[in-house]
Amino acid sequence: MKRILLVGLDGASPYLVQAWRESLPNLDALIREGASGTLQSTIPPRSVPAWYSFVTGANPAKLGVFGFSQRRPATYDYTFANFSYCRARPFWEWLDSANVPCAVIHVPGTFPPRKLNGVMVSGWPMPLNRGNLIYTYPSWLSRKIDSGLPAPFEAVSPHSITPDNDELMLHERLRILQMHGDVAYRLLQEHEWQLALVVLSPLDRASHQFWRHIDVGHPHHDAKSAPNMNSALKHVYEATDKQLGRLLELIDDRDYVFVVSDHGFGPCHRSFYLNEWLLRNGYLVLQDERTAGSLSMGALFLARLTTPLFRLNDRSPLFRRLSGPLKKRAISNFVRDRYVRASGAGRVRLNHLPVDWTRTRAYCPDESSLYLNLRGRDPQGIVAPGQEASHLLDELEERLQDIRDPHTGQKVSVDVWRKENIYSGPFLREAPELTVTMDNYRTNVFAELGHGEIFDDKPLWSGNHTPEGLLIARGPDIRAGQQSDAEIVDLAPTILHLMNAPVPIDIDGSVIMDLFEPDSAYYLREVRFEDLPLHDGSTHDLSPDEETEVAKQLKDLGYIE
C-alpha cells in the first residue's frame, strides 16, 4: 500500500533552499532524486488563505476566507478567521469515502479541529492552551500530547518580535520547531496513516525577523551590530531540514513525499498604511477631526485606569469567568476601544475607531484589502453598485498608482488587482474590491490607522511574504530531475489523482501531470471528476477571550500592529 507524506515548510523560499543546498542534505537529496520547482501562492500570499487553497484546490472566493480577519454578518466588526469559515472541503475529507486514514498535523488555520478518518492537531492561530484547550481530533489526544511535554502544547512562542530580541527569538523558533517535530514524529509512529500532512512553521517567523541579517542590501542590515545573527536564518533552515529527515525515516522507496511552502520570502523595507492614505484623501471619514490615534484626556484616563483589568483578564481564567457577563454589554466595548487605542501606540484597526460610515466611501479592514462602503452589502453603505462603484474604483486605482515616495518624489511601484481578476466563486461578493501590494512586496500594506504617517521606514519586519513558494516531489513514477512549476491550488487535485480518488468538478487547480513519467499509470489515467458539495458545517465564533489570545499571537508575529 503506497503512502503519501506531505511536509509543509511555512514560508520556505525556493531560492534560499537552492542557495543553501549543501547545508540541507535532506532537501538536497529530494531535489536530486525527484522533481522540483516553484509553487505560486494566492494573491496576496497570506498564510491562512494560502494553506486553505493548498488543501482544497480552491481560490479564496470559494473558501469564504480572504485573510486573517473575518467579517461579522451585517456589521463593520471583524473576528479572526478559523477553520469553520473554510467552506471548501480539504482533500482528506474527500478521502474519507475511500476509507483512507489520514494524519493532519500543525496546518495553519485548522482550529477548531474537524472530524476526519484519522488524527488532527490544529495549527496556529488558535487560543492559548493552558492545559484545557481541545486542539485535536479525537479530543482525548490533546491531553495525551500535553502529558508528553514539559508544558502544554504551544502553537507559537508566547514572546513577540521586537527590534532588539533576535537572540531570544532564535532560541524560541528552534524550541517550537523541536516541539512540533517531536509531536509529529511521535503521532506518525503511533497512529495508522496512509496520507500524512505535517506543517512546520518557524521558518516563516524567522524569515520575518532575520531577513535583514542575510541581505547586505537591506536598509536595516548592520553586520557590526549583530555579527552572531548573520547565520540565524540559515540555522533555522538547517534545523528544519533535520526535522524533515526524521519524518523521512517513517517512509520507504515505495512511498511518495511532497515538500511545499505556502509562499516564499523576500525583503521588507517599509510599511504603508492604507487607511491613513484613504483618510488623507477623503475616502475614509472619522466622526471627529482629531487624528485616529489621539484620545481626549478623559478617554485616556479611562484607558489607563482599566489597563490592569485587561492585563488580569489575559492572565487569569478565574477573572475571565467572573467578568464574562459584563463583556457582552455595550459599555465594555466602549472601554475596550479606548484601551486598545491607548495601548496600540496610536495604531489601531477600524473596528475600534469612530468611523463616520455615512460619509466613508472606502476602507481597509485587513492588510492589502480595500473595500468600497457598498450599498446593499455594507450596513451603512453609501456607494451604489454599478456605474458609481466602477467609477470610484477607477479613481482609486489611478490615484494609488500615482503615490509618490516621500523622500525621492518618485512614483512607488503599486500593483492593484480587481477582485474579478483574481477570484471567482460564491463568496466573491465578500472579497475586497481591490487588493493592493507595493514594491514587489518590499513595502507591506497594513490596515492600522493612527500612525500619523502614510509610510514607516522602520517596520517591525525585515522580511515579507512573496508569491513564489517551494515544490518538491519524489516517489515511484515521479520524473527525477524534472523542473515543475505549479500553482498552490494544484496540489489537492494532484494528491487526489495519486490516490485514485475523484476530484471536485469545480476545483480551480489541475493535476500536475508533468511530475509523472509519461508512461506511468498516473500520467495515462484519466482524471475523474465528481460534483462534490461544500463544507456544510456551521461556523464557530471564538469567545472574546479567545479572540484576545489570537489577536496577541498575530500582534506578536507582526501581522497586525
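The values are calculated or read from the model by the stated rules, or taken from the named source; none is laboratory data. None of the values given here were measured: they were computed from a predicted structure. In this analysis, Cβ positions are derived from the backbone assuming ideal geometry, glycine residues included, and neighbour counts consider all displayed protein chains.
In segment 2-20, which residues are within 20 Å of TRP51 (Cβ to Cβ) and hydroxyl-bearing (Ser, Thr, Tyr)?
SER13, the sole residue that qualifies.
Could you figure out which of (1) at pLDDT 95 or above; (2) part of a loop (DSSP other than H, G, I, E, B) isn't true of THR162?
Here THR162 meets the rest and fails (1).
For segment 227-241, give me each residue that is touching a helix residue (DSSP H, G or I) at 6+ places or on another chain (Cβ under 7 Å) and either of a type in the set (Asp, Glu) or free of Cβ contacts under 8 Å to residues at least 24 places away in the same chain (or both).
Answer for segment 227-241, where residues must be touching a helix residue (DSSP H, G or I) at 6+ places or on another chain (Cβ under 7 Å) and either of a type in the set (Asp, Glu) or free of Cβ contacts under 8 Å to residues at least 24 places away in the same chain (or both): ASN230, GLU238, ASP241.
Would you say SER142 is part of a helix (DSSP H, G or I), of a type outside the set (Lys, Arg) and touching a residue at least 24 places away in the same chain (Cβ under 8 Å)?
no
Which residues, taken from segment 235-261, are under 24 Å from the mean Cα position of the chain (by Cα) and either among the hydroxyl-bearing types (Ser, Thr, Tyr) or in a loop (DSSP other than H, G, I, E, B) (or both)?
TYR237, THR240, SER261
Testing ALA196 on (1) buried (at least 22 other Cβ atoms within 10 Å of the Cβ); (2) within 20 Å of LEU557 (Cβ to Cβ), one condition comes back false. Which one is that?
Among (1) buried (at least 22 other Cβ atoms within 10 Å of the Cβ); (2) within 20 Å of LEU557 (Cβ to Cβ), ALA196 violates only (2).
Taking the conditions exactly as written (on the phi < 0 side of the Ramachandran plot, within 17 Å of the chain's Cα centre (by Cα), outside any loop (DSSP other than H, G, I, E, B) and among the aliphatic types (A, V, I, L, M)), does ILE176 satisfy them or not?
It is false that ILE176 is on the phi < 0 side of the Ramachandran plot, within 17 Å of the chain's Cα centre (by Cα), outside any loop (DSSP other than H, G, I, E, B) and among the aliphatic types (A, V, I, L, M).
Within segment 77-99, track down each residue that is at pLDDT 90 or above, of a type in the set (S, T, N, Q) and not in a helix (DSSP H, G or I).
ASN82, ASN99
Could you check ALA492 against (1) at pLDDT 95 or above; (2) in contact with a Phe, Trp or Tyr (Cβ under 7 Å, 6 or more places away or on another chain); (3) surrounded by fewer than 24 Cβ atoms within 10 Å (Cβ to Cβ) and say which number it fails?
(3) is the only condition that ALA492 fails.
Among the residues that make up segment 100-118, is at least one of them within 15 Å of ARG186 (Cα to Cα) and part of a helix (DSSP H, G or I)?
The answer is no; no qualifying residue exists.
Per-residue answers, yes or no, for (1) crowded, with 17+ Cβ neighbours inside 10 Å; (2) free of Cβ contacts under 8 Å to residues at least 60 places away in the same chain:
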site: GLU397; (1), (2): yes, yes
site: ILE422; (1), (2): no, no
site: LEU428; (1), (2): no, no
site: ASN444; (1), (2): yes, no
site: LEU449; (1), (2): yes, no
site: GLY452; (1), (2): no, no
site: GLY463; (1), (2): yes, no
site: PRO476; (1), (2): no, no
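All but one of (1) of a type outside the set (Val, Ile, Thr); (2) farther than 27 Å from LEU498 by Cβ; (3) in a helix (DSSP H, G or I) hold for GLU154, so report the exception by its number.
(3)
Can you go through TRP193, TRP211 and tell me which one is out of contact with any Leu (no Cβ under 6 Å at 6 or more places or on another chain), within 23 Å of GLY123 (Cβ to Cβ) and part of a helix (DSSP H, G or I)?
Only one candidate passes the filter, namely TRP211.
Quick one: how many residues across segment 514-536 are crowded, with 16+ Cβ neighbours inside 10 Å and among the hydrophobic types (A, V, I, L, M, F, W, C)?
Looking only at that region, the number is 4.
Report yes if ASP262 is closer than 30 Å to PRO493 by Cα, of a type in the set (Asp, Glu), touching a Lys or Arg at 6+ places or on another chain (Cβ under 7 Å) and at pLDDT 95 or above, otherwise no.
Spelling it out, it is not the case that ASP262 is closer than 30 Å to PRO493 by Cα, of a type in the set (Asp, Glu), touching a Lys or Arg at 6+ places or on another chain (Cβ under 7 Å) and at pLDDT 95 or above.
Taking PRO108 as meeting all but one of (1) crowded, with 22+ Cβ neighbours inside 10 Å; (2) farther than 24 Å from ALA239 by Cβ, write down the number of the exception.
(2)
Which residues, taken from segment 146-173, are within 13 Å of ASN129 (Cα to Cα) and in contact with a helix residue (DSSP H, G or I) (Cβ under 6 Å, 6 or more places away or on another chain)?
PRO152, PHE153, VAL156, SER157 - these are the residues of segment 146-173 that are within 13 Å of ASN129 (Cα to Cα) and in contact with a helix residue (DSSP H, G or I) (Cβ under 6 Å, 6 or more places away or on another chain).
Please enumerate the residues belonging to segment 369-399 that are over 27 Å from the mean Cα position of the chain (by Cα) and over 30 Å from LYS411 (Cβ atoms).
ARG375, GLY376, PRO379, GLN380, GLY381, ILE382, ALA384, PRO385, GLY386 - these are the residues of segment 369-399 that are over 27 Å from the mean Cα position of the chain (by Cα) and over 30 Å from LYS411 (Cβ atoms).
Just a yes or no: is a residue in segment 502-522 of a type in the set (Phe, Trp, Tyr), under 30 Å from GLU93 (Cβ atoms), at pLDDT below 95 and in the same structural domain as TYR15 (by TED's automatic domain parsing)?
yes
Taking only segment 118-134 into account, find how many residues are buried (at least 19 other Cβ atoms within 10 Å of the Cβ) and either under 16 Å from LEU197 (Cβ atoms) or without any contact (Cβ under 8 Å) to a residue 12 or more places away in the chain (or both).
Of the residues in that region, 7 qualify.
Matching residues to (1) part of a helix (DSSP H, G or I); (2) polar (S, T, N, Q); (3) on the phi > 0 side of the Ramachandran plot:
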position: ASP366; (1), (2), (3): no, no, no
position: LEU370; (1), (2), (3): no, no, no
position: GLY381; (1), (2), (3): no, no, no
position: GLU395; (1), (2), (3): yes, no, no
position: PRO406; (1), (2), (3): no, no, no
position: TRP417; (1), (2), (3): no, no, no
position: SER424; (1), (2), (3): no, yes, no
position: ARG429; (1), (2), (3): yes, no, no
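Given the criterion more than 14 Å from LEU370 (Cα to Cα), under 23 Å from the mean Cα position of the chain (by Cα) and basic (Lys, Arg), identify the matching residue among LYS458, LYS411, LYS419.
Result of the check over LYS458, LYS411, LYS419: LYS458.
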